[in-house]
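Let me begin by presenting the structure, written as structure tokens, before commenting on it.
Derivation of every value follows stated rules applied to the coordinates shown; laboratory data play no part. Predicted model, so just to flag it, every value in this text is computed and none were measured. Here the Cβ positions follow ideal geometry from the backbone for every residue, glycine too, while neighbour counts run over all protein chains shown.
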Amino acid sequence: MSGETTRINLLDLDEPGLREFFASIGEKPFRAQQILRWVYHHQVSDFEQMTDLGLALRQKLSLLAEIRPPEVVSEKISSDGTVKWLMGLPGGNAVETVFIPEPGRGTLCVSSQVGCALNCSFCSTGAQGFNRNLTTGEIIGQVWQAAKALGHERNGERAITNVVMMGMGEPLLNFDAVAPALSLMRDDLGFGLAARRVTVSTAGLVPGIRQLRETVDVALAVSLHAPVDDLREELVPLNRKYPIAELMQACQDYVDGKHKRSITFEYTLMDGINDSPEHARQLVKLLRRVPSKLNLIPFNPFPGTAYRCSTPERIDRFQDIVRKGGLIATVRKTRGQDIDAACGQLAGKFQDRTRRSERIRLRQVEETH
Ligand code: SF4
């Protein structure tokens, strides 16, 4: 990995950014489109192979720029076909990216931060603290590396049909880097994914939800995990800053936008914590007015956690009550558990810098409020 390079990483730039870059080096802005096609349609990272760029431009680009995705450190393949990559970053950090194949679709779960400062009590990533935000190139670079490893086309179809920003980190606390990466996922010159096939998952950062609504058309997933404030504060401490009523209003506004939007509420079921019939009824009351789907996730234990997964009987009962209450609810099948790739199990590799980062995070939250 080039590490201390001063060359600009073109993966950090979406189409408007690339047009500006080419203008700044005295080149025609349409070069942006050529580069995007090479990088995202043909998976080419070497300027020498970009044969419709003249020799002089290729040489100039080699001096000034590079295409630098995170480095694939390891790849693990689960018995169910799930793939987990450890992606290395400068400074000895690494994040995890997971591919989940299903009939007719392939979902890539992408990380947005090294660790996470939000400290949700049931999450392995949160338990390990926070190091730093990823750059746009490190986010879109995960998709790029996965697409390359999987083969961009599989039986004439793309291997990656959906991207979810549900890996390590809270994407809306890294908005400035995440937004251009989302544009590149959506852009026809990038990965060309439809709005409903790109999902941003948030723990409930209300100002970020509002900013996302104005910026890029994607699907939203909200990690709810509890139907009432006191319990949600225990599970998702961010709830102290943005309580459920405020969050639900932001969600309602998100789906009321000018585009037809979809929203999914994520609810991790933990035995004896949030999985009672009463919780299910409270959830029905809370969600029935918001057009949405409910994703029930059996808790995936990780070393050191005190929580346990709900029993199959309690999960069935919970699902039955919310369905009878009128919600569209599915139970997520656990995937990749044998390689620690299941929801909430991603750990990566990094030094916790939470004390310093906690101050940064709190400042970020204050500033966006
Ligand atoms: S659940 Fe999401 S927001 Fe909460 S600590 Fe884990 S990664 Fe962060």
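Can you divide the C-alpha Rg of segment 197-345 by 2.2 N^0.38 Å and report the result to two decimal places? Before the final figure, lay out the partial values.
Details: Rg = 15.1 Å, N = 149, 2.2 N^0.38 = 14.7 Å.
So segment 197-345 has a normalised radius of gyration of 1.02.
Please list, in order, the residues from segment 21-36 whose amide nitrogen is less than 13 Å from a point placed 7 Å along the Cα→Cβ vector of Leu63. Residues 25-26 qualify, since their backbone N sits under 13 Å from the label point. Size descriptors for segment 1-102 (Cα atoms only): Rg and Dmax, in that order, 16.2, 52 Å. Compared with the direct C-alpha span, the chain from Arg288 to Ser262 gains 7.9 nm at full extension, assuming 0.36 nm per residue.
For segment 8-66, the calculated P(r) over all alpha carbon pairs, in 10 Å bins from 0 to the bin holding the longest distance, is 24, 66, 10 percent. The modelled label-to-label distance between Glu48 and Gln211, using points 7 Å beyond Cα along the C-beta direction, is 4.1 nm. For segment 242-295, the C-alpha radius of gyration divided by 2.2 N^0.38 Å, with N the number of residues, is 1.24.
Work the Kirkwood hydrodynamic radius out for segment 93-206: mean of 1/r over every pair of different alpha-carbon atoms, inverted, in Å. If you can, show how the numbers build up before the last one.
Working: mean 1/r = 0.0698 Å⁻¹.
14.3 Å is the Kirkwood radius here.
A simple charge model with +1 on the Cβ of Lys and Arg, -1 on the Cβ of Asp and Glu and nothing else charged puts the dipole of the chain at about 560 debye relative to its Cα centre.
Which whole-number percent is the relative contact order of segment 71-368 (Cα, under 8 Å, 6+ apart)? Could the numbers behind the result be given before it?
Numbers: 598 pairs, mean separation 60.6, N = 298.
Taking the mean separation of contacting Cα pairs over the length of segment 71-368, I get 20 percent.
Across Lys241, Lys28, Lys148, mean-square fluctuation computed from a Gaussian network of the chain (C-alpha pairs under 10 Å connected) peaks at Lys28.
Where both residues lie in the chain, what percent of DSSP beta bridges are antiparallel, nearest 5?
Working: 24 of 50 bridges.
Antiparallel bridges make up about 50 percent of those DSSP assigns within the chain.
Taking a temperature of 25 °C and a viscosity of 0.890 mPa s, what whole-number D in µm²/s does Stokes-Einstein yield for the chain with Rh from Kirkwood over alpha carbon pairs? Approximately 115 µm²/s, per Stokes-Einstein. Taking 7 Å steps out from each Cα toward its Cβ at Lys324 and Asp188 produces label points 5.0 nm apart. Across segment 184-197, rounded Karplus estimates of 3J(HN,Hα) from the backbone phi angles (6.51 cos²θ - 1.76 cosθ + 1.60, θ = phi - 60°) give 5, 5, 7, 4, 4, 7, x, 8, x, 8, 5, 4, 6, 9 Hz, Gly and Pro being marked x.
Net length available on complete extension from Leu231 to Arg196 is 9.5 nm, with 0.36 nm assigned per residue and the Cα-Cα distance removed.
Which residue fluctuates most in the GNM of the chain (Cα springs below 10 Å): Gly26, Gly81, Gly208? Greatest mean-square fluctuation among the candidates belongs to Gly26.
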